[in-house]
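The values are calculated or read from the model by the stated rules, or taken from the named source; none is laboratory data. Since we're looking at a predicted model, the values are computed, not measured. Methodologically, a virtual Cβ is constructed for each residue, glycine included, from the backbone with ideal geometry; neighbour enumeration extends over all protein chains shown.
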Amino acid sequence: MKRLLEKLKAGDEKSLDEFVYLNLSKVFNFCYALLKSREEAEEVCQDVFVKFWDNRDKLDLNLSVDGLLFRIAKNLTLNKIRDNQKYKGSLELTDALLVGNSTMEDVLFKEMEDTLHKAIEALPPRRRLIFELSRFQGLSNREISERLNISINTVEGQIRKAIKSIHIYTDSISI
């Protein structure tokens with residue numbers, strides 16, 4: 001494990017795949033236990049490994065990696081729960097204010113949709129194509145890799161980077 005962590009710290013992307021493979025199920029189970037939603041647990045799980053990768057240069061090889069991984073997972077899961085509560089609260093408030101009138105909800109949805117569309121359009125062309133094949137056409141990573149004649153690791157990496165870019169873009173825009 002120490003050798004794997006040294007490779008990670010040095011920026012070896014292949015070691016990231018191995019690290020994710022070794023840790024994915026326990027991180028997913030932890031997130032799922034708190035969120036009770038497979039989709040949200042998968043999303044948070046992916047964010048955990050992106051955040052871990054982004055901060056790999058700060059990795060202390062003498063400390064528990066599991067501790068760090070679960071601290072990241074805990075923080076991101078709690079953020080997700082808070083976001084869900086804010087969203088639920090704002091929907092309840094909107095429903096109470098509108099009482100059957102969906103105009104405000106339609107406007108907010110349209111703004112969110114436009115922001116997401118702009119975030120996707122801002123992606124580099126190849127990354128955007130891979131993301132759209134995955135998320136909008138429902139192709140598996142293997143199908144995308146075969147269609148574009150690239151490795152599955154490249155597909156996974158591009159999807160990770162696309163999601164991160166979209167998060168950064170949407171976080172910088174207040175709706």
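Observations on the structure shown:
- The residue pairs whose first member lies in segment 18-31 and is closer than 18 Å to Gly67 by Cβ, whose second member is hydroxyl-bearing (Ser, Thr, Tyr) and part of a helix (DSSP H, G or I), and whose beta carbons are closer than 7 Å, counting only pairs six or more residues apart or on different chains, are Cys31/Thr77.
- Note on segment 25-42: residues that are crowded, with 17+ Cβ neighbours inside 10 Å and among the charged types (D, E, K, R) amount to 1.
- From the options Leu24, Leu16, Leu35, Leu8, residue that is modelled with pLDDT under 85 and of a type in the set (A, V, I, L, M, F, W, C): Leu35
- Boolean, Gly11 is surrounded by fewer than 13 Cβ atoms within 10 Å (Cβ to Cβ) and within 22 Å of Ser165 (Cβ to Cβ): yes
Table: residues versus (1) of a type in the set (Val, Ile, Thr); (2) under 15 Å from the mean Cα position of the chain (by Cα).
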{"position": "Ile120", "(1), (2)": "yes, yes"}
{"position": "Pro124", "(1), (2)": "no, no"}
{"position": "Gln137", "(1), (2)": "no, no"}
{"position": "Asn141", "(1), (2)": "no, no"}
{"position": "Asn149", "(1), (2)": "no, no"}
{"position": "Ile163", "(1), (2)": "yes, yes"}
{"position": "Tyr169", "(1), (2)": "no, yes"}
